[in-house]
Every structure is written in structure tokens, then in C-alpha cells.
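Every read-out reported here was derived from the displayed coordinates using simple, explicitly stated rules and does not represent laboratory data. Computed from a predicted model, the values in this text were never measured in an experiment. Because the Cβ atoms are built from the backbone with ideal geometry, glycine has one as well, and the counts that use them run over all protein chains shown.
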Amino acid sequence: MATAQETHKYPGDLNDVPGWFWPLDQVLFSWFLERQERQGTRGDLLELGAYMGKSAILLGHHLRDGETLTVCDLFGTEPPDAANRAEAAKSYSTLTRQAFERNYLSFHEALPAIVQDVSSTITDEVAPGTCRFAHIDASHLYEHVHGDIGAARDLLLPDGIVVLDDFRSEHTPGVAVAAWEAVLNRGLRPVCLSSQKLYGTWGDPEPVQEELLAALRERDDVAVTVEEAAGHRLVRARAKGKRMRPPSLPSSRHPAPAPAPATPTPRAQARPAQARPPRPRTPRERARRLALDVLPPVVTRAVRRYRATQRAKAGATAQNTGGTGRSRP
């Protein structure tokens with residue numbers, strides 16, 4: 001029987017896995033992969049930069065027989081240059097291969113193919129023209145992203161989809177430069193833009209764009225705009241509100257335990273407090289009240305001042321005696 005500490009190591013669902021994989025991108029990943037499956041497009045899946053495995057777990061959910069998911073990450077290996085070492089120390093100091101594997105195996109029976117090395121080595125591990133979908137989320141430095149985009153172009157099928165993460169974040173200008181350079185000078189055609197990711201292809205983007213637009217416009221939790229820039233049609237998708245209808249997500253093999261039933265509250269405690277009914281006045285008090293009502297106002301005010309003074313004196317006496325009738329030592 002697993003201990004509480006051991007159970008805590010396993011995510012109960014995809015949202016328990018650390019990472020920056022927002023619900024809108026989960027929806028878009030699933031849509032592109034399911035479209036490929038509907039069309040009978042076969043090919044491998046690729047991810048450069050895996051962190052704790054959140055997006056890799058979803059990719060593995062869409063693998064079919066005979067296909068391979070390849071994940072490339074340093075997983076704590078010493079980066080090759082000073083700039084990359086500084087980036088890894090700042091953003092990925094807690095990343096370990098063990099944590100990735102534990103998370104992935106919480107949803108799947110077998111691990112993907114893992115390349116524990118810099119992303120520039122991926123073309124030595126994956127054959128050209130064999131991938132239908134590639135997610136690039138490795139280094140944010142321009143030189144590395146430029147190389148990763150080139151590798152994706154070589155490894156993808158003609159109509160394959162590439163996803164570039166962090167192409168518009170303020171802390172990743174190198175990704176933005178490399179992404180738009182690929183659009184303007186290297187033949188990459190944008191299909192869709194989310195708040196975090198650019199989805200593109202080196203094939204014809206129009207058929208997939210039309211299908212995607214139709215699908216997104218049927219949803220009430222996604223806002224869609226279309227504009228032109230430098231000869232490219234840009235489809236922009238934005239989540240509306242904080243809750244989205246999730247796509248088909250992989251199920252954890254270690255689901256979170258159901259919450260314990262609430263302890264019933266005793267009836268005596270559950271009964272709301274009731275205001276105490278007012279104490280009925282005695283005949284003497286009613287007579288005093290009537291007298292005050294019929295006396296002239298000047299006399300009434302004098303009587304009330306006198307009674308207030310007497311109550312104040314009585315309170316001071318009780319305080320000095322401790323309320324017991326005995327003087328304090």
C-alpha cells in the first residue's frame with residue numbers, strides 16, 4: 001500500500017503536472033492532432049524542451065500504433081555554453097529526468113523516446129520527413145531557436161504542424177525574432193496564434209485555417225479575430241473567461257482520492273441562533289414608563305438624567321468591588 005508521501009508524487013490529472021500549458025493551447029493541440037487522425041495522416045510526434053511533461057503527456061495521448069513520440073531535453077545535463085547555462089539555472093533548476101518520467105508514467109504505460117541532450121542533436125536521432133507534429137519549447141536564446149526551427153522543417157512531413165512556444169513573451173525576445181524571421185524569410189506559414197504559441201506549417205495553411213476557424217467559431221469560450229500582415233493571414237485565438245471546455249485529456253493512472261464525506265453537524269449546533277424574546281415589563285415598570293410619557297418634557301429629561309447618574313454610580317461601585325460585594329485587595 002502506497003504511503004501518503006508516495007501518493008503525493010503522482011499527479012491526479014493533467015492540471016496537477018507543473019508547467020505552462022494553458023487550456024486554450026490544450027484545446028488547439030488536441031484539435032490539430034485529431035484533425036490529422038481524421039485525415040489518416042500518419043507520422044511521429046516531436047517535442048524539443050519538455051520541462052515536467054505536461055504537453056508531452058497530451059502528445060502521448062494521441063499516439064497511434066507504429067508511431068513514436070520523441071522528447072528532447074537536457075534534464076539537468078550541463079548546457080554547452082555560458083548563456084545556456086545561465087538560462088537553465090534561472091528557469092529550470094528543479095527539472096530532472098526522474099520527475100519527467102514519473103509524471104509521464106502516471107498517464108501512460110511506457111515512456112517516449114528520450115534524447116537527453118541539446119536540441120541541436122535531434123536531427124541525428126529522428127529521420128527527416130517522419131514527423132506530423134513538432135512542439136518547440138526548448139531554449140529561448142535566438143541562436144538555439146533558429147536552429148530548432150530549421151530542425152523542425154527538416155523533420156516534418158510537407159503538411160506537418162510546428163508549434164513555437166513563447167513567441168510573444170516579453171522575457172523571450174530571441175524566440176520572437178527567430179519566429180517572425182522564419183515567417184518572413186524561411187517559408188513558415190502561420191496557421192494560428194494563441195497568447196503563448198505560434199502554430200505554423202511549411203505546407204498550404206489555407207485548408208487547415210478554414211477548418212480551424214469553423215471549429216473555433218462554434219465555441220462560446222474562444223474569441224477569434226483574423227487580420228493580414230506581410231501577406232499572411234493571421235488567425236488569433238483568445239480564451240474568453242477563466243473556464244474553458246477541456247478537450248479529451250489523458251486519464252491519470254493514479255487518480256486523486258475522492259474527498260471524504262462531510263461530517264454531519266449535530267442538530268443542536270446546526271440550528272441557527274435565535275434572538276432572545278424581550279422580557280415582559282412588570283406593572284411597576286409599565287407605570288413608570290406611562291408617567292414619563294405624560295409628564296412635561298422638562299421633568300421627563302430631569303428624571304432620565306437622574307436615573308442615568310444612579311446607574312453610572314452603581315456600575316462604578318460594582319467595578320471597585322469586583323462585582324462580588326467584596327473590596328479588592
Residue-by-residue Karplus 3J(HN,Hα) for segment 205-212, coefficients 6.51, -1.76, 1.60, Hz, glycine and proline x: x, 5, x, 6, 4, 4, 5, 5
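Could you order the peptides 52-58, 71-77 from most to least packed, using the average number of other C-beta atoms within 10 Å per residue?
Working: 52-58: 25.7, 71-77: 20.7.
Listed from highest to lowest mean packing, they are 52-58, 71-77.
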Neighbourhood charge, 10 Å Cβ-Cβ cut-off, centred on Ser195 and excluding it, Lys, Arg +1 and Asp, Glu -1: +3
For segment 135-140, 3J(HN,Hα) per residue [Karplus equation, 6.51 cos²θ - 1.76 cosθ + 1.60, θ = phi - 60°, Hz, x = Gly/Pro]: 10, 9, 8, 9, 5, 9
Cα centre as origin, Lys/Arg/Asp/Glu Cβ charges: segment 7-239 dipole, Debye: 280 debye
Placed amide H near Cys131: partners under 5 Å, 5+ positions off or other chain: Asp44, Leu156, Leu157
Net charge, Ala179 excluded, C-beta distance under 15 Å - Lys, Arg +1, Asp, Glu -1: -1
Calculated SAXS-style log₁₀ I(q)/I(0) at q = 0.07, 0.08, 0.18 Å⁻¹ - segment 7-239, Debye, Cα scatterers: -0.21, -0.27, -1.52
Residue-wise HN-Hα coupling along segment 177-187, computed from phi with Karplus coefficients 6.51, -1.76, 1.60 (Hz; x: Gly, Pro): 4, 5, 5, 6, 4, 5, 5, 7, 10, 10, x
Cβ crowding within 10 Å averaged over residues, with 159-172, 229-242 ranked highest first: 159-172, 229-242
